[in-house]
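The next block holds one structure in the form of structure tokens; read it before the comments.
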Amino acid sequence: MHLSRTVRLLLALASGVALALAYPSFNIPLLGWIAPAILIVAVVGERPRFAFLLGWLQGAVCYGMSLPWFFTVMRQYGPLPVVQAGAVFALVIVATSLFHAAFAVAIAWLGKFAPERACLAAPFVWVSMEFGMMHLPAIGFPWNLLGYVAAGNLVFVQLTSITGIFGLSFVVAGYNALAALVVLQMSQRRQANTTIWIAVNAMLIVIAGAGPRYVPRAHPDRTAHLVQTNFPVSNGFPANWMQDHAPEMDQLEAISIGAAQKVPGIVVWPEVPAPFSLQDGNFQARAVRIARGAGGGFLVGVIDFKPHGIAQSGVTNSAALLGPDGALDFMYDKIHLVPFSEYVPWRKWLFFARDLTGLIGDFEHGSQYKVGQISGGPFSVYICYEAIFPNEIRRFTLGGAQLFVNISDDGWFGGSGAPEQHLAMARVRAVENRRWLLRDTNDGITVSVDPYGRIVGRLATNIRGELEAPYAFRADLTPYARWGDWLPWLCVLVALVLLLIGVRDAFARKTS
């Protein structure tokens, strides 16, 4: 396709905008089914160096539009000056957009041989790119992967129980590659694969429309009480916080005990939204009262201080379970901490991020994927950001967890689309592992999700209240839980083979 570089730049920009609009809070997922196709059309026939720029531009525009909350969090809660907050945000955008640039270079280079070869490789290269982005050291960020634009459909999301979210990314990328191929063939006045493209569209429409009615329904047999604490986000807490907020804490205690006495079940509070610690005698006494009064156990997010010596202690973002007798039965320490929010990676070199003080707790990483026990069966809890890492969550399933609890404080995101984005990703973890998911947050979005991805209970946002969340235990293992990220590894292998074939053919051309 003979396009000027100006047109190619505009196409890359359009691709980035379309991809951003596919995610919350814009919520136009159909655009995700054409956005990568626009980029493929823009880079095929272009030199790899310029394709690098086109791919990077697409990624930068997409992340700049879909992740503005990242800058807001750094600016308001870091708290960082505008320039430094912008530098941290820019680092994330630069790093993640490099993977889009690598995708564009690979497609442009393969397109030199034939558009068909580039489009054949596209879904494999795209999934490899997302897989690499997830494994980026310290700042791996698999947020808003392409597969999530299809995960909102109840039948499409079932594929993730076999392939993980990367299977949906492969399907959407494959559709985009087919659409791009049709456009490229038509532009060259060649016989286009329009019949195949129309048939694929028809098939997808039928599956998306009629398929959800055939998805099985899960049958809960238990109730949990998810308490939404609804405390405002704060950079710090005075020493007398518990005394100043005693009426609110009394209200939460009454809500918790009252709900559990009415309908027996475990009480859950979210990721620590205030200075909650079992080392604080005041809070510990209240936690024991709630656990004993509720009678079914009390799971709560806490800050835990772990002694490492006389002059040093480690601080963890943790979840503690108190049994019906008030004793501490279980403690999980968050393993995957949020970079630039719970610790500063590479602090020695990232001078512009050293002043992060308000949001940063300099937490220590946990090290064990623990499984605890509540009445009825084994469970695991994971905290906030950990929900976006599929291969890490499946470790809880392999450890024996028959129920997932995800506690989070999404209040840091303010009124942005991030809470919806976060929920969309957490929901897929339930389907990948076929586990009920109880998701409890500080101010929303608090839900109960069944093993097939249906949200069967939801509490209004920005209120203090309690959700009677249905759930059940489930012990079977999905193919994804058993085998993990087999598909992205396969994509990496196929992408490398296709690139090596391209190298061979390029060498043959030079020597012929």
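The values are calculated or read from the model by the stated rules, or taken from the named source; none is laboratory data. Being a predicted model, the structure only gives us computed values, none of them experimental. Using ideal geometry, Cβ is built from the backbone for each residue, glycine included, and neighbour counts are taken over all protein chains shown. These area figures cover heavy atoms from the full protein model, side chains too; ligands, DNA and RNA do not enter into them. Shrake-Rupley method; radii C 1.70, N 1.55, O 1.52, S 1.80 Å.
Summary of values
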| quantity | calculated |
| --- | --- |
| Residue list for the range 92-151, filter: charged (D, E, K, R) and closer than 22 Å to E392 by Cα | E130 |
| Complete set of residues in the range 363-376 that are over 16 Å from L398 (Cβ atoms) and surrounded by 15 or more Cβ atoms within 10 Å (Cβ to Cβ) | F363, E364, G366, I374, G376 |
| Check on V183, closer than 22 Å to A18 by Cβ, among the β-branched types (V, I, T) and in contact (Cβ under 8 Å) with a residue 60 or more places away in the chain | yes |
| Selected residue (criterion: modelled with the lowest pLDDT) from residues of the range 290-339 that are touching an Asp or Glu at 6+ places or on another chain (Cβ under 9 Å) and of a type in the set (D, E, K, R) | K306 |
| In the range 99-145, the residues that are part of a helix (DSSP H, G or I), of a type in the set (V, I, T) and under 16 Å from the mean Cα position of the chain (by Cα) | V127 |
| The lone exception for F113 - which of (1) touching a residue at least 24 places away in the same chain (Cβ under 8 Å); (2) farther than 19 Å from G59 by Cβ; (3) open to solvent by less than 10 Å² (accessible area, probe 1.4 Å) it fails | (3) |
| Criterion: open to solvent by less than 10 Å² (accessible area, probe 1.4 Å), modelled with pLDDT under 95 and not acidic (D, E) - qualifying residue of G164, G140, G147 | G140 |
| Neighbours by Cβ (under 8 Å, 6+ apart or cross-chain): first from the range 486-503, touching a residue at least 12 places away in the same chain (Cβ under 8 Å) and hydrophobic (A, V, I, L, M, F, W, C); second crowded, with 19+ Cβ neighbours inside 10 Å and not in a helix (DSSP H, G or I) | L487/G164 |
| Candidate set: the range 199-225, residues that are of a type in the set (A, V, I, L, M, F, W, C) and touching a strand residue (DSSP E or B) at 6+ places or on another chain (Cβ under 9 Å); chosen: the one surrounded by the fewest Cβ atoms within 10 Å (Cβ to Cβ) | A218 |
| Complete set of residues in the range 362-398 that are assigned to a loop (DSSP other than H, G, I, E, B) and either modelled with pLDDT of 95 or more or among the polar types (S, T, N, Q) (or both) | S367, Q368, Y369, K370, V371, S375, F389 |
| Residue within the range 484-494 that is of a type outside the set (F, W, Y) and within 30 Å of S375 (Cα to Cα) present | yes |
| Residue ranges of helices (runs of 4 or more DSSP H) in the range 226-337 with at least 2 members more than 30 Å from F413 (Cα to Cα) and open to solvent by 10 Å² or more (accessible area, probe 1.4 Å) | 246-262, 281-294 |
| Selection count, the range 1-43, where residues are open to solvent by 40 Å² or more (accessible area, probe 1.4 Å) and of a type in the set (S, T, Y) | 3 |
| Selection count where residues are touching a residue at least 40 places away in the same chain (Cβ under 8 Å), surrounded by fewer than 24 Cβ atoms within 10 Å (Cβ to Cβ) and among the β-branched types (V, I, T), scope the range 431-446 | 0 |
| In the range 76-98, residue farthest from the chain's Cα centre (by Cα) [restricted to those that are crowded, with 22+ Cβ neighbours inside 10 Å and closer than 26 Å to L499 by Cβ] | S97 |
| Residues of the range 44-68 that turn out to be within 20 Å of E342 (Cα to Cα) and either buried (at least 19 other Cβ atoms within 10 Å of the Cβ) or at pLDDT below 85 (or both), as a count | 1 |
| Options A401, A475; residue that is part of a loop (DSSP other than H, G, I, E, B) and either of a type outside the set (A, V, I, L, M) or surrounded by fewer than 24 Cβ atoms within 10 Å (Cβ to Cβ) (or both) | A475 |
| Residue pairs meeting the criteria (Cβ under 7 Å; at least 6 apart or on separate chains; first under 21 Å from Q228 (Cβ atoms), in the range 270-285; second open to solvent by less than 30 Å² (accessible area, probe 1.4 Å) and of a type in the set (S, T, Y)) | P270/T229; P270/S408; P270/T441; E271/S408; P273/T229; F283/S277 |
| Some residue of the range 236-243 being over 28 Å from V431 (Cβ atoms) and touching a residue at least 60 places away in the same chain (Cβ under 8 Å) | yes |
| Meets criteria (surrounded by fewer than 20 Cβ atoms within 10 Å (Cβ to Cβ), out of contact with any helix residue (DSSP H, G or I) (no Cβ under 7 Å at 6 or more places or on another chain) and not in a strand (DSSP E or B)) for L498 | no |
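Each row is one residue, and each column tells you yes or no for (1) among the β-branched types (V, I, T); (2) within 30 Å of S161 (Cβ to Cβ).
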position: M203; (1), (2): no, yes
position: G211; (1), (2): no, yes
position: H245; (1), (2): no, no
position: E248; (1), (2): no, no
position: S256; (1), (2): no, no
position: V272; (1), (2): yes, no
position: F283; (1), (2): no, no
position: L299; (1), (2): no, yes
